[in-house]
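One structure below.
The values are calculated or read from the model by the stated rules, or taken from the named source; none is laboratory data. Owing to the predicted nature of the structure, the values given are computational and were not obtained by experimental measurement. So basically every Cβ, Gly included, is an ideal-geometry build from the backbone, and we count neighbours across all protein chains shown.
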Amino acid sequence: MNDTDNPLSRVRAIVAEILALSPEEIDDTADLFNEYEADSLNLIEIVAQVEKQFRVVLPQKELPRARSIAALRDLLVGQAA
């Protein structure tokens with residue numbers, strides 16, 4: 001399996017690009033707001049890219065808990081199930 005086939009790696013790459021970081025700099029469980037100074041506009045952009053790349057619509061009511069890459073991946077996997 002190619003690393004880009006891994007949902008966690010793909011979400012990490014999206015977050016890294018939007019926050020102008022390298023994927024290796026980001027801890028999957030770190031709070032994006034506290035650790036990497038993301039803001040609500042960054043989250044909107046991240047969610048839009050995740051939805052576009054994975055062709056899903058993430059539920060708006062669940063987005064407040066999407067504060068880490070792992071949490072975003074969990075939301076994504078929940079939509080695919």
task = For the stretch 24-37, name all the residues that are assigned to a loop (DSSP other than H, G, I, E, B) and of a type in the set (A, V, I, L, M).
result = Ile26, Ala30
request  = Select from the stretch 38-55 the residues that are assigned to a loop (DSSP other than H, G, I, E, B) and without any contact (Cβ under 8 Å) to a residue 12 or more places away in the chain and write down the one among them that is surrounded by the most Cβ atoms within 10 Å (Cβ to Cβ).
outcome  = Asp39
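Taking the options Leu58, Leu21, Leu75, name whichever one is assigned to a helix (DSSP H, G or I) and either modelled with pLDDT of 95 or more or touching a helix residue (DSSP H, G or I) at 6+ places or on another chain (Cβ under 7 Å) (or both).
Details: Leu58 fails: assigned to a helix (DSSP H, G or I); Leu21 fails: assigned to a helix (DSSP H, G or I).
Only one candidate qualifies: Leu75.
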message = Where the second residue is surrounded by fewer than 20 Cβ atoms within 10 Å (Cβ to Cβ) and charged (D, E, K, R) and the first is without any contact (Cβ under 8 Å) to a residue 40 or more places away in the chain and lies in the stretch 63-81, which pairs have Cβ atoms under 7 Å and are six or more apart or on separate chains?
response = Arg67/Asp31; Ala71/Arg65; Leu75/Glu62
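Could you check how many residues of the stretch 61-74 are surrounded by fewer than 20 Cβ atoms within 10 Å (Cβ to Cβ) and either closer than 13 Å to Val50 by Cα or hydrophobic (A, V, I, L, M, F, W, C) (or both)?
4
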